[in-house]
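Working notes, structure below.
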Amino acid sequence: MIEQYIKCPNCKTNILFDVNTLLQGASFACNGCDAKIKLSGESKEVVSESIEKFKSIKAQTLKP
């Protein structure tokens with residue numbers, strides 16, 4: 001698994017997150033200031049579609 005981070009909007013500390021867990025509605029806390037990140041309802045669909053497009057492109061580039 002590749003570790004994924006997003007910068008905290010408050011203190012700029014890296015927040016470790018898992019995109020699949022994020023899509024399921026979980027929130028992730030910043031270790032620096034305890035701010036929380038979470039996807040809004042309307043963002044879930046956009047992120048999910050983007051991930052699927054990325055997977056498709058990746059699969060196409062790996063074909064011999």
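Side notes on the structure shown:
- Scanning segment 23-52 for residues that are in contact (Cβ under 8 Å) with a residue 24 or more places away in the chain and within 20 Å of Ile2 (Cα to Cα) turns up Leu23, Ile37, Val47, Ser48, Ile51.
- Residues of segment 1-22 classified as free of Cβ contacts under 8 Å to residues at least 12 places away in the same chain and surrounded by 13 or more Cβ atoms within 10 Å (Cβ to Cβ), total: 1
- The set of residues from segment 44-64 being over 14 Å from the mean Cα position of the chain (by Cα) and open to solvent by 90 Å² or more (accessible area, probe 1.4 Å) comprises Lys53, Lys55, Ile57, Lys58, Gln60, Thr61, Leu62, Lys63, Pro64.
- All conditions in (1) out of contact with any Lys or Arg (no Cβ under 9 Å at 6 or more places or on another chain); (2) of a type in the set (A, V, I, L, M, F, W, C); (3) modelled with pLDDT of 95 or more hold for Ile51, with the sole exception of (3).
- Extreme residue, modelled with the lowest pLDDT, among residues of segment 23-43 that are closer than 28 Å to Lys55 by Cα, open to solvent by 50 Å² or more (accessible area, probe 1.4 Å) and assigned to a loop (DSSP other than H, G, I, E, B): Gln24
The values are calculated or read from the model by the stated rules, or taken from the named source; none is laboratory data. Source: prediction; values computed, not measured. Neighbour counts run over all protein chains shown; Cβ positions are idealised from the backbone, glycine included. To get the accessible areas, we keep the full protein, side chains included, count just its heavy atoms, and leave off ligands, DNA and RNA. Shrake-Rupley method; radii C 1.70, N 1.55, O 1.52, S 1.80 Å.
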